[in-house]
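The values are calculated or read from the model by the stated rules, or taken from the named source; none is laboratory data. Everything numeric in this text was worked out from a predicted model, so none of it was measured. Cβ placement follows ideal geometry from the backbone for every residue including glycine, while neighbour counts extend to all protein chains displayed.
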Amino acid sequence: FPLVSHSSKKSGSKRNNTELKGKTSSFEKLVQGVDSLDDGSVVGCITAMATSAGNEQLWKPLNHAILEACGNEAFSEIRKAGVTCLYSVLDTLGEEYMVLLPECLPVLSELLEDSDESISTIAQSCVRLGEELLGESLEDSLR
């Protein structure tokens, strides 16, 4: 299954939300690792890569790519994958990753107002985690 369908055809094979109920979507399997404990997930892989890099200079391009995904206006699935990945990396690397937090704040500010509630909820979790790690409020920085 493709993660994101770029097809604009209106065919009978196109899946709708009612067909997916009770089934694990491709997004959940590939990005989040749901029902795939043996195979892991994209988020887990990127987090492991960031952990292995262990260097701010190597994290910068990775952070940039994550933030680009977070800012994808065309597909909410990509924004959700990006912010999920950002949370995972922040949670795993903790204070070490705080040097890149200033770059993340404008994107998080936008995600807090996302029309997809699950995305804004994950963004709120990122902000709370950042505040815990910094020991101060980020409210003024998010304006």
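The set of residues in the range 102-119 that are buried (at least 18 other Cβ atoms within 10 Å of the Cβ) and in a helix (DSSP H, G or I) comprises CYS104, VAL107, LEU108, LEU111, ILE119. Among the residues of the range 70-86, those that are surrounded by 21 or more Cβ atoms within 10 Å (Cβ to Cβ) and not β-branched (Val, Ile, Thr) comprise CYS70, ARG79, LYS80, ALA81, GLY82, CYS85, LEU86.
Here is a yes/no grid of residues against (1) over 13 Å from the mean Cα position of the chain (by Cα); (2) among the hydroxyl-bearing types (Ser, Thr, Tyr):
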residue: ILE46; (1), (2): no, no
residue: LEU62; (1), (2): no, no
residue: ILE66; (1), (2): no, no
residue: LYS80; (1), (2): no, no
residue: LEU86; (1), (2): no, no
residue: TYR97; (1), (2): yes, yes
residue: GLU103; (1), (2): yes, no
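Just to be sure, is LEU112 over 16 Å from the mean Cα position of the chain (by Cα) and either at pLDDT below 95 or not acidic (Asp, Glu) (or both)? Please lay out each step first, then the result.
Numbers: over 16 Å from the mean Cα position of the chain (by Cα): no; either at pLDDT below 95 or not acidic (Asp, Glu) (or both): yes.
Here the answer is no, as LEU112 does not meet what is asked.
So, in the range 130-143, of the ones that are of a type outside the set (S, T, N, Q) and crowded, with 16+ Cβ neighbours inside 10 Å, which residue ends up nearest to GLU95 (Cα to Cα)? Looking at the filtered set, the residue picked out is LEU133. Flag: LEU133 does not match the condition of being more than 16 Å from VAL43 (Cα to Cα), touching a Gly at 6+ places or on another chain (Cβ under 7 Å) and in a loop (DSSP other than H, G, I, E, B). Could you count how many residues in the range 87-96 are within 13 Å of GLU132 (Cβ to Cβ) and surrounded by 14 or more Cβ atoms within 10 Å (Cβ to Cβ)? So the answer is 3.
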